[in-house]
1. Could you tell me which residue out of 17, 111, 1 lies farthest along the dipole of the stretch 1-121 toward its positive end? Charges go on the beta carbon: Lys and Arg +1, Asp and Glu -1, centred on the Cα centre.
2. Please arrange 220, 162 by counting, for each residue, the other beta carbons lying within 10 Å of its beta carbon, fewest first.
3. Rounding to the nearest 20 debye, state how big the charge dipole of the stretch 3-223 is about its Cα centre with +1 on each Lys and Arg Cβ and -1 on each Asp and Glu Cβ.
4. At what distance in nm do the modelled label points of residue 216 and residue 164 sit from each other, each positioned 7 Å from its Cα along Cα→Cβ?
5. Calculated FRET efficiency, residue 75 and residue 209, Cβ-Cβ r, R0 30 Å, to nearest 0.05?
6. Specify which residue in the list 138, 168, 158 is farthest towards the positive end of the charge dipole of the chain, using unit charges on the beta carbon of Lys, Arg (+1) and Asp, Glu (-1), about the Cα centre.
7. Which length gain, in nm to one decimal place, applies between residue 24 and residue 62 when the Cα-Cα distance is subtracted from 0.36 nm times their residue separation?
8. Please list, or write none, the lysines whose alpha carbon is within less than 24 Å of the alpha carbon of residue 162, excluding same-chain residues fewer than 8 places away.
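Laboratory data are not the source of any read-out in this text; all were calculated from the coordinates shown. A quick note: this is a predicted structure, and the numbers were derived from the prediction, not measured. As a convention, Cβ positions derive from the backbone with ideal geometry for all residues, glycine included, and neighbour counts pool all protein chains shown.
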Amino acid sequence: MKLTVIIPVYNESKTILEVIRRVKEVSFEKEIIVVDDCSTDGTSDLLRTNGEGLKLLFHEINQGKGAAIRTALPHITGEITIIQDADLEYRPSEYPQLIAPILDGVADVVYGSRFQGGTHRVLYFWHAVGNKIITTLSNMLTDLNLSDMETGYKVFRSEVLKAMKIESNRFGFEPEVTAKIAKMGCRIYEVPISYWGRDYSEGKKINWKDGVAAIYWIIKFNLFR
C-alpha cells in the first residue's frame, strides 16, 4: 500500500531538510508532497535545491496550513495520506503505529494523540489547558471522545480526505476536518505518539489567537455546515 505524506511548510529552513530526511527513511512505498506557503527565510530555495524525489508545490502568497493541504489534495496518489508538520515536533518513525489501524481494515482516520502516554517534552501548562478545552468543545459537538483533536498527526484513507472540501486556510483545518469526518461517519482511532515540542525561541508559531480561532471553527463547522 502506498503512503502519501503531505508536508505544509512556512519558514522552517532550520528543520525542513531533516524532516524530509526522516520521512524518506520510513520503509514504506511513498510519495512526499511538500507545499511551501510562501516562505521568506530561504526555505523555498532549500526545497528547490534539494527537491529530488519530492513533489514540490509553491504558494505565491502566504495562506496557511489548511490552504497548503487543499493545494496538495489533487496530487495525492497513495491509498493512505498522513499530514506531517515541517518542524521536528513529530517523529516519522512512528508512521507504522499510526497507519496500522487503517492497514488492519478497522479505521478510516487515525489521530496520533500526545496525551495517551507517549514521551513528550514538558512545556506550557496553559497550552495544555487550552488544548483540553478546545478538544472538549469539539467532542461535545461531534459526539466523539478524542483526547487530542489538535494533534498534528492525522492519517486518512486518501479517498476520505479527497472527498472533503477543505474551507479553512490556517489552523482551522484541525477542527474543520474533525467535524467533517464525524458527520461522514468515519471509523476513527487514536494511537499514542511521542511529542518533541519546541518553545517560541525555537520557532513555535501557534498562539492564543489560534485557540480563539479554533473555537470559531468548531462552532461553524459543527453547527452551521
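1. Of 17, 111, 1, it is 111.
2. Values: 220 16, 162 12.
The most exposed by this proxy come first: 162, 220.
3. On the way: 26 positive and 29 negative charges, 69 e Å.
For the stretch 3-223, the charge dipole is close to 340 debye.
4. Placing both labels 7 Å beyond Cα along the Cβ direction yields 1.9 nm.
5. Numbers: r = 30 Å, r/R0 = 1.02.
E between residue 75 and residue 209, to the nearest 0.05, is 0.50.
6. Of 138, 168, 158, it is 138.
7. Values: separation 38, 0.36 × 38 = 13.68 nm, distance 2.63 nm.
Value of the extension gain: 11.0 nm.
8. Those lysines meeting the cut-off are 2, 24, 30, 55, 65, 154, 180, 183, 220.
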